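Trainee: Quick one: this structure, given as structure tokens, is what I'll be asking you about.
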Amino acid sequence: MHRGLGPFAGSEEDRLIDTSWPEERFLVRPGVDLRGPGDWGTVFGRKGELSVEIGYGKDEFLLELAEARPDGLFLGIDFSRPRTRSYLRKIAKRRLENVRVLYEHAANAIGYCLGDQAVSELFVLFPDPWPKERHARNRLVRPWFAREAARVLEPGGRFTLATDHPPYRDQMIEVIEANGAFTNLRGPGNFGPRPEGFDETIFERRWVDQGRDVFYLQYTRVTA
């Protein structure tokens with residue numbers, strides 16, 4: 001089960017976002033705008049299917065989805081002050097009232113801010129692969145993350161991941177399929193190209209231009 005709105009990583013100074021920014025209304029502050037993990041309907045002012053991207057970086061993938069699906073609710077999570085400021089500006093420029101931003105570490109965001117079965121769709125696209133073996137323990141997709149993804153996704157919810165790094169691809173498959181709560185839409189152990197209907201991300205464009213392969217993994221949350 002989720003742990004409620006507990007303590008967050010980093011010092012208070014590290015986590016501060018300038019609330020004088022005109023785009024600040026798109027920023028979610030746990031404990032202020034978000035009173036509990038199940039309070040997203042209040043945050044958005046209405047109910048709807050919640051799609052979450054962890055680590056949006058400099059990309060506009062989630063914003064494109066939000067523009068195409070005005071009835072949906074979209075949450076971007078990142079813990080970079082410059083990226084957060086830039087993302088808020090992009091949301092305001094596009095006038096996307098169905099998008100919100102959470103400025104927090106992924107572990108705290110998913111563990112404290114998302115309720116059980118609250119998410120319809122979860123995206124982790126091109127996370128840092130930490131390619132050196134001694135740094136692999138820093139990768140996001142590990143057993144704890146698979147457990148949290150299984151908890152927050154509703155039955156039948158979709159879980160999409162992407163990477164250009166074969167060892168990380170293999171780790172993703174191993175970790176997620178060992179969890180037992182997910183069905184691989186391409187068959188056990190399989191991966192493939194970008195799904196139809198998905199916009200190309202900045203990272204994918206960069207890697208493809210360099211002649212590198214990219215790998216997409218698509219799962220659904222087991223319903224029973």
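Trainee: Go through region 199-222 and give me each residue that's closer than 18 Å to L122 by Cβ, surrounded by fewer than 18 Cβ atoms within 10 Å (Cβ to Cβ) and at pLDDT 85 or above.
Mentor: T220, V222
Trainee: Next question, about the same structure. For region 201-216, which residues satisfy the criterion of being in a helix (DSSP H, G or I) and over 19 Å from the mean Cα position of the chain (by Cα)?
Mentor: R205, R206, W207, V208, D209
Trainee: Looking at K47 and the list (1) in contact with a helix residue (DSSP H, G or I) (Cβ under 6 Å, 6 or more places away or on another chain); (2) surrounded by 16 or more Cβ atoms within 10 Å (Cβ to Cβ), which single condition is not satisfied?
Mentor: The failed condition is (2).
Trainee: Still on this structure, please answer the following. So which of P167, P188 is assigned to a loop (DSSP other than H, G, I, E, B) and more than 26 Å from P37 (Cα to Cα)?
Mentor: Of the residues listed, the single one that is assigned to a loop (DSSP other than H, G, I, E, B) and more than 26 Å from P37 (Cα to Cα) is P188.
Trainee: Applying the selection to region 83-95, what residues are over 18 Å from the mean Cα position of the chain (by Cα) and among the hydrophobic types (A, V, I, L, M, F, W, C)?
Mentor: A92
Trainee: Residues that are in contact (Cβ under 8 Å) with a residue 60 or more places away in the chain, of a type in the set (A, V, I, L, M, F, W, C) and closer than 17 Å to V119 by Cα: does region 35-51 have at least one?
Mentor: Looking through region 35-51, at least one residue is in contact (Cβ under 8 Å) with a residue 60 or more places away in the chain, of a type in the set (A, V, I, L, M, F, W, C) and closer than 17 Å to V119 by Cα.
Trainee: Quick one: which residue in E133, E196, E174 is over 24 Å from D59 (Cα atoms) and modelled with pLDDT under 95?
Mentor: E133
Trainee: Can you say whether F198 is within 19 Å of the chain's Cα centre (by Cα) and part of a helix (DSSP H, G or I), as far as the supplied structure shows?
Mentor: In short, no.
Trainee: Would you please list the contacts, defined by Cβ atoms under 8 Å and residues six or more apart or on different chains, that run from a residue in region 93-110 that is under 21 Å from P70 (Cβ atoms) and free of Cβ contacts under 8 Å to residues at least 60 places away in the same chain to a residue that is of a type in the set (K, R) and buried (at least 23 other Cβ atoms within 10 Å of the Cβ)?
Mentor: Pairs found: none.
The values are calculated or read from the model by the stated rules, or taken from the named source; none is laboratory data. These numbers were taken from a predicted model, which means no experiment stands behind them. Note: ideal-geometry Cβ built from the backbone for every residue, glycine included; neighbour counts use all protein chains shown.
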